[in-house]
Each structure stands twice: as structure tokens, then as C-alpha cells.
Amino acid sequence: MAPAALLRKRKLDGDAPPAVAATNDGQLLPRDMLREVLLRLRAAELCRLRLVCRSWRSLTSDPGFAAAHASRHPPHLAALHSDTGEAHVLDLAGGIVKRVRVYQLGIDRSNDFHLDCVYGCWWQAFVLGVPVGEIAADIAYEEEIRYGKDVPKYVLGHVPSTGEYKVLAINFSLELEGEGDIYQGWCLARPVMTCDVMTLGSGSDRRRVRPGPPVHVAFALWHRTVVDGVAYFLIDGCDDRIVDPDCIASFDMAAEEWRPMTLHGPQISLLGSTSTKERMHYIRHAEGFWLAGLNGSLVAVHRNDRDWSMDLWELVDMERSLWTKQYSMPRIPFWDSYGFVCPLVVLDDGRIVFWMHNAGVITAYDPKISSWDYLFGVGQYYDVTMHQGSLLCSHRPLG
């Protein structure tokens, strides 16, 4: 019986017709069945199928549908390509799901350029919205870079309690002490860090000047991360006031202030003085101690050069600086070239996905069988991180 005749018969019998959705060829399909079929498809395929009809576009753009789809499919990565000037969204097979132009905006690639949603150049930072490839925010820093002042470093944080995105800019400068010539190397200069904060999407481009950090913080990608609205930084080894190489400074994005007390990391190794030997020990230790956000938790990555192993420590109690060793991985692959290793995500099957920076590869470690798997190469990318938003909804940006 034809669908139209069947519907007429049900109306005559007093039965309510099922919820239906029209396709482009005029056929009728129950909406719940259509939803189930579409949930099985990958995000890239759904983005193309939106062109079929308005009802399909409306269904696949719904935040509830996007959340259900994300729960059924592996997460995506976001990567910054070194040659094409694009930000790519990648699946876990290395396939490109989405491309967004970046360098056409005039961004200086020579700067500290990391994919934490904020792309910094000499005077500006940009936040990209992947679903439509638009500029979600354009943050202009037009203040002249004065004598002795370095380029600001940007950190983006999401505040869960308010849903806001905030940019923390940390400025580094040298404050001269007495007379002298900094370029001749015979003057006394004291490093100074200042901060300012901006809320994205607030309708105001006003920057709020905040006090600097209580200690000198490190800026490298592997020395900082943002988890649950708090930015964490390892301590700069040049700060002679710090004798603990595991200290971690933290900035509360919601309160827009630095926490007065530093957090102790899991590998406490106090140094008794600032001798050359101990300073070298500090530097060597810092090279194998990194920070990362992993599935909503702050994680310290500790590399052991003695046996080529690596441990992941999770912060379980900030007030008491209590950490627990969640994973211990023997014999890291690509040891000679792997350098910084960033844990990206723990998959539903328990495997941990890593970005091995120097080796330029994405790998997965299975703690059940203590085995490593090569996934794909990313040597053509400057930076790799998790894509935190949705490819189906445009309410959250990339990174």
C-alpha cells in the first residue's frame, strides 16, 4: 500500500500518524528512525547530508542530536598545518574532516603559535569557529611594543560556571635597575610579568589589567594547560626564588586572579641551593616534566630517561597537592626523537591517544596489554590538540 493511502486509512481508523520527516524525493520516514540512521554516520558525512532538505539540517544542527552523536563516535583532533596555512580537524585515522584558513589573516608564523583556540601574532589573537569557518573573535592588541618588551603570550580558558571564554595575555618585560645599556649586557635588569584578561563575546573589547603571577611562569606549550576554568603553568627555571622544580602556578579564569599559593607536583625534588650543578639538575628535570589536560583532569607527565618509561600523574586533591599515578608506560616508542609527549584523550576502550611532538606521530597506548600502536603521522603540523567543540553545532570554537 502506498504511504499516502496508508496515512488516509489510519486517519479513517482514528489512529494518529507517526512523526515523519520528508526527504528530498518526497518519501516519508519516521523521524525517530531517521534520527537513528543519521546518528550512525560520521560528522563529515552529516555535514554534506545537510544539503538534502531543511528538516535534515534542522535535526543534525540540534545540540541534543550533536551530543548524542558525540557519545557514539570517536573524538576529533585539531591541528595547525605548517605549509597550507590551515587549521585541520582530523579523525583518528588521520583523515581531514574540516579545513579553516588561518594564515590568510596575516598572522606571523614565527611567533608562539599554538592551537589552544588563540592564534597570536604581533598585535592580534584570533579565535576560530570551525563549523562555518568564521572568525568568532578578533582581539586586537594595538599597544606599541616598547623598548625591552616581549610579545604577549595568550592562553584561552573556558569557564564552566558561566559558559564564557576568556583570554589571558601574559606580558614579559625587563625593568632596568640603575643606569646601563641592556644591549651591551652590563646593566642590571629585573624580569617583570604583567597580565590582562578579555572575555570573548561580551560586546566589549576592553582589557582588564590584572596583577602578574606570584612567580615567573614558563610559556612553552608543554609547560601550561587549562582544565575546568583554571590555567596551570610550570615555573620558569630562571626564577631564583623557586627551589622546587615541580611547582605549578594557577590562574582562576572565573575570578580572574592568580592563586597565591603554588601547587606542588607529584615529583617533589627540592633543591637546597642555586649552584650550577643543581641548576643543571633543575633544567634536566624540567625537560622531562610536563603538564596536560586529559579527559577533564590535570595530568603531570613524567619522563624517565633511565629506562625509557613514562608516568601519568593525575591531580586528585588541589588543596593538599595530592596526586595519584594513573598510568605507567614502559619503553616509549620513537625514544630517540619523541621529545615532548602530550596525552590527548582516553578512548572508551581504555586506550590513551598521544601526540609525539618531535617524532611527528599520533600513537595509542593500551594499558590492558601494555602495547603501543602507531595511528598516523602528523609531521606536517605545528601543533595538535583535541577538538573540544562540535562539528555539527557552531556554539563552541575549535581547540
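How long is the gain from N358 to R306 if the chain were fully straight, where each residue apart is worth 0.36 nm and the alpha carbon distance is subtracted?
Values: separation 52, 0.36 × 52 = 18.72 nm, distance 1.94 nm.
Gain in length upon complete extension: 16.8 nm.
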How much FRET efficiency would the formula 1/(1 + (r/R0)^6) give for A44 and D366, where r is the Cβ-Cβ distance and R0 is 22 Å, rounded to 0.05?
-> 0.25
FRET E, pair V52, R72, Förster distance 22 Å, beta-carbon r, rounded to 0.05 = 0.60
Of D252, D196, how do they rank once you tally other Cβ atoms within 10 Å and put the fewest first?
-> D252, D196
Simple spin-label estimate for S297 and E36 in nanometres, 7 Å along Cα-Cβ = 3.6 nm
Fewest-first ranking of I362, I96, using other Cβ atoms within 10 Å as the exposure measure = I96, I362
Calculate the dipole size of the stretch 297-372 relative to its Cα centre from +1 charges on Lys and Arg beta carbons and -1 charges on Asp and Glu beta carbons; express the result in debye to the nearest 20.
-> 140 debye
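Considering only DSSP states other than H, G, I, E and B, which trypsin sites (Lys or Arg not before Pro) in the stretch 294-350 qualify as loop sites with at most 16 other Cβ atoms within 10 Å?
Those that pass, being in a loop and sparsely packed, are R306, R320, R331.
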For M261 and T194, extending 7 Å from Cα along the Cα-Cβ vector and measuring point to point gives, in nm, a value of 3.1 nm
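Every number here is computed from the coordinates shown, using simple stated rules; none is lab data. Note that the structure is a prediction, hence the values are computed from the model and not measured. Backbone-built Cβ (ideal geometry, glycine too); neighbour counts: all protein chains shown.
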